[in-house]
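Chemist: The structure that follows is given in the form of structure tokens.
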Amino acid sequence: MSQSPAKSIVTLRQANLTLGNGASSVHVLKGIDIDIHQGESVGIVGPSGSGKSTLLMVIAGLERLDTGEVHVAGQALHALSEDAVAAVRGRSVGIVFQSFHLIPNMTALENVAVPLELAGKANAFERARAELVAVGLGERLTHYPGQLSGGEQQRVAIARALAPDPVLIVADEPTGNLDGETGRQIADLLFAKQAERGTTLLLVTHDPALAERCQRQISVRSGRIVTGDDQHAAAKAIA
């Protein structure tokens, strides 16, 4: 049976978030409404400081809204405790950061396996090994992050994100710390795995070429959605 494109994986309704206190506070997200469906690849674009990375962190359950609603994989994150949000994130959301965020004193295998163990997944090390082989790192299982190139570290991060079989992958500038050719290889890997597994991919990027590879783009300016599905206008917002 084919999957219904209408199934919503991410829904935000009137999402508001202010960061900081007093005179230094900034209203980062202002009444955001978004629907992202199963299997979509969506690029979030916009100028620096527009709120796009904060939006991604809200969807990943790493920032909590002041007001409004955020639903991920059928769960109302805004209504859950911190522990419950962490549980949803552990089983439903894979995160890829610009700066990799690997644990330096753990091997590539341990970096992928330990989150699986913490989430209570069976056969964590076997699954981690398979994921690392799948991203081309079968010969790097026992290497530490400091022994890996930037591209290899990002491959470990992608394997870690994919290992729990999440319904959603969120990637914040996944090629931002890589040279052009390595960045293209990492982008190829992300989109290939997304297509292979039918996962929803949501990524923040300043790279117009990477944004154009997504099925649609959402442009954020000054904490608001300004272009929706208009890809051409969204591309112009990348600065």
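The values are calculated or read from the model by the stated rules, or taken from the named source; none is laboratory data. Small disclaimer: the values here were computed from a predicted structure and weren't measured. Glycine gets a Cβ as well: all are built from the backbone with ideal geometry, and neighbour counts include every protein chain shown. Heads up: the accessible areas ignore ligands, DNA and RNA and are worked out on the full protein's heavy atoms, side chains in. Shrake-Rupley method; radii C 1.70, N 1.55, O 1.52, S 1.80 Å.
Chemist: Specify the angular offset, from 0 to 90 degrees and rounded to the nearest 10, of the alpha carbon long axis of helix 82-92 from the longest principal axis of the alpha carbons in the chain.
Modeler: Once rounded, one gets 60 degrees.
Chemist: So if each residue of separation counts as 0.36 nm, and I subtract the Cα-Cα distance between Ala86 and Ser48, what length gain in nm does that give? Each step should come with its number before you reach the end.
Modeler: Numbers: separation 38, 0.36 × 38 = 13.68 nm, distance 2.78 nm.
Taking Ala86 through Ser48 to full extension adds about 10.9 nm, to one decimal.
Chemist: Next question, about the same structure. Would you mind giving the average projected area, over all directions, of the Cα convex hull of the chain in nm² with one decimal? Spell out each step's value before the answer.
Modeler: Values: hull surface 53.7 nm².
Taking the Cα atoms of the chain, their convex hull projects to 13.4 nm² on average.
Chemist: Can you give the accessible area of Thr142, probe radius 1.4 Å, in Å² rounded to 10?
Modeler: The value for Thr142 is about 100 Å².
Chemist: Under 17 Å Cα to Cα from Lys7, which aspartates and glutamates show up? Leave out anything in the same chain fewer than 8 places away.
Modeler: Hits, sequence-local ones excluded: Asp33, Asp35, Glu40.
Chemist: Can you work out the Karplus-derived ³J(HN,Hα) for every residue in segment 158-167? Use 6.51 cos²θ - 1.76 cosθ + 1.60 with θ = phi - 60°, whole Hz, and x for glycine or proline.
Modeler: For segment 158-167, the Karplus-derived couplings read 5, 4, 4, 5, 7, 4, x, 6, x, 7 Hz, x marking Gly and Pro.
Chemist: Here's a follow-up. For segment 8-237, what is the relative contact order in percent, using Cα pairs closer than 8 Å and at least 6 residues apart in sequence? Mind dumping the intermediate values first?
Modeler: On the way: 471 pairs, mean separation 64.0, N = 230.
Averaging sequence separation for qualifying contacts and normalising by length gives 28 percent for segment 8-237.
Chemist: If I take R0 = 35 Å and measure r between the Cβ atoms of Asp165 and Gln14 in this structure, what FRET efficiency does the formula 1/(1 + (r/R0)^6) give, to the nearest 0.05? Display every interim value, and only then the final one.
Modeler: Numbers: r = 31 Å, r/R0 = 0.89.
Efficiency, rounded to the nearest 0.05: 0.65.
Chemist: Please compute the per residue accessible area over segment 8-237 with all protein chains in place, 1.4 Å probe, rounded to a whole number of Å².
Modeler: Working: 9930 Å² over 230 residues.
Accessible surface, normalised per residue, equals 43 Å².
Chemist: What does the convex hull of the Cα atoms come to per residue for segment 102-239, in Å³? Numbers along the way, then the final one.
Modeler: Working: hull volume 17.0 nm³, N = 138.
For segment 102-239, the hull spanned by Cα atoms encloses 123 Å³ per residue.
Chemist: Related question: Enumerate lysine pairs in segment 8-237 that are 8 or more residues apart or on different chains, then count those whose Cα atoms are under 22 Å apart. Before the final figure, lay out each step's value.
Modeler: Details: Lys30/Lys52; Lys30/Lys236; Lys52/Lys236; Lys121/Lys193.
Within segment 8-237, the lysine pair count is 4.
Chemist: State, to one decimal in nm, how far the label point of Glu196 lies from the label point of Arg221, with both points 7 Å from Cα in the Cβ direction.
Modeler: 3.9
Chemist: Between the alpha-carbon centers of segment 186-221 and segment 123-159, tell me the distance in whole angstrom.
Modeler: Distance between centres, Cα-based: 21 Å.
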